[in-house]
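Structure record follows, encoded as structure tokens.
Just so you know, all these numbers are worked out from the coordinates, no wet-lab data involved. Computed from a prediction, not measured in an experiment: that's the story for all the values here. Heads up, the Cβs are rebuilt from the backbone with ideal geometry, glycines too, and the neighbour counts pull from every protein chain shown.
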């Protein structure tokens, strides 16, 4: 499962139910974050569910599985090894 979040700042908002889902089901679940930017291209980053605590605190301090690389994102979704 993949959840899409669009953020404008440095923190991602989750409901208590969303947090619980990602904490209790960290395997093969992902969070795709698009950072909205005024007038410039936005960045898309993929995180594993286990990164939820870092996303709530500060997205800049949380390492992404993939950044702006749709081929790598697709490979991760399919469970394939990155090339």
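Below, the figures for the structure above:
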quantity: Helix-derived mean residue ellipticity, 222 nm - over the chain, DSSP H n ≥ 4, -39500 (n - 2.57), to 500; calculated: -7500 deg cm²/dmol
quantity: Cα gyration tensor shape of the range 33-77, rounded if a/c is under 1.5, else prolate or oblate by comparing a/b with b/c; calculated: oblate
quantity: Packing-based exposure ordering (other Cβ within 10 Å, fewest first) of 62, 24; calculated: 24, 62
quantity: [x] 18; [y] 61; [z] 44, with the label sought being that of the calculated percent of Cα pairs over 23 Å apart; calculated: [x]
